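Here the structure is laid out as structure tokens; the discussion comes afterwards.
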Amino acid sequence: MTALLTIGGLFIGLLVGLAAPHARRRHRRSPQLASTRQILLPFTGTTLSRRALEAAIRLAKVDEATLMPAFLATVPLTLTLESPLPKQSRIGMALLEAIEQRATAEGVPIDSRLQPGRSYRHALARLLEHEQFDRVIISATDNPRTGLSGRDLLWILEHANAEVLILRPAPQDTHTITTTDIKGHF
């Protein structure tokens, strides 16, 4: 009888021993792999509102979501959508790097995109068509010549299948993220 209990105890110990590393592995998984929620942060141009980025990072932390910053690049009609855009790519990649540094420092998983389109709205439409988002956070500007237009913002409100937050900092708030915020090599 004691031999049976010992064998039974060894068997249970073996099962627990085999399951324990698997359970520990599950808890040690990268937050990037564990997250299924996504927050889109589309932007254009050479700067991004620091307030919008801070809000996106805070919400991503609370929601345990992956932050997806997306640089929207416009492609002229004379080129195919797959054409290289060296100047826009250089700007977009530099800003994506600055955003990634800030988000990573806060422990937020990140999945960056450089999305081409014939217009900013077209680039957004292509992104929304291929990805699912829980939230879209947009930095609005009071300058009609930069960033997304009022019509683009209205289009997003009507077409995004997600919660949409449009943030427009106060006119005196000039805190932005620029390519000069990048530290290190990339």
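The values are calculated or read from the model by the stated rules, or taken from the named source; none is laboratory data. All values derive from a computational prediction rather than experimental measurement. Here the Cβ positions follow ideal geometry from the backbone for every residue, glycine too, while neighbour counts run over all protein chains shown. Note: accessible area is taken over every heavy atom of the protein model, side chains too, but ligands, DNA and RNA are not part of it. Shrake-Rupley method; radii C 1.70, N 1.55, O 1.52, S 1.80 Å.
Figures for the structure shown
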{"read-out": "SER112 vs. criteria over 13 Å from THR44 (Cα atoms), of a type in the set (Ser, Thr, Tyr) and crowded, with 18+ Cβ neighbours inside 10 Å", "value": "yes"}
{"read-out": "The stretch 106-116: number of residues that are under 9 Å from the mean Cα position of the chain (by Cα) and part of a strand (DSSP E or B)", "value": "2"}
{"read-out": "Residue pairs meeting the criteria (Cβ under 6 Å; at least 6 apart or on separate chains; first charged (D, E, K, R), in the stretch 50-73; second open to solvent by 60 Å² or more (accessible area, probe 1.4 Å))", "value": "ARG50/HIS175; ASP63/ARG37"}
{"read-out": "Hits in the stretch 63-92 - residues which are outside any loop (DSSP other than H, G, I, E, B) and at pLDDT 90 or above", "value": "ASP63, THR66, LEU67, MET68, PRO69, ALA70, PHE71, LEU72, ALA73, THR74"}
{"read-out": "Filter result (under 17 Å from LEU167 (Cα atoms) and open to solvent by 50 Å² or more (accessible area, probe 1.4 Å)) within the stretch 115-139", "value": "ASP134"}
{"read-out": "Flag for ALA103 being within 13 Å of PHE43 (Cβ to Cβ) and either open to solvent by 50 Å² or more (accessible area, probe 1.4 Å) or assigned to a helix (DSSP H, G or I) (or both)", "value": "no"}
{"read-out": "Selected residue [of a type outside the set (A, V, I, L, M), in contact with a strand residue (DSSP E or B) (Cβ under 6 Å, 6 or more places away or on another chain) and at pLDDT below 80] from THR176, THR141", "value": "THR176"}
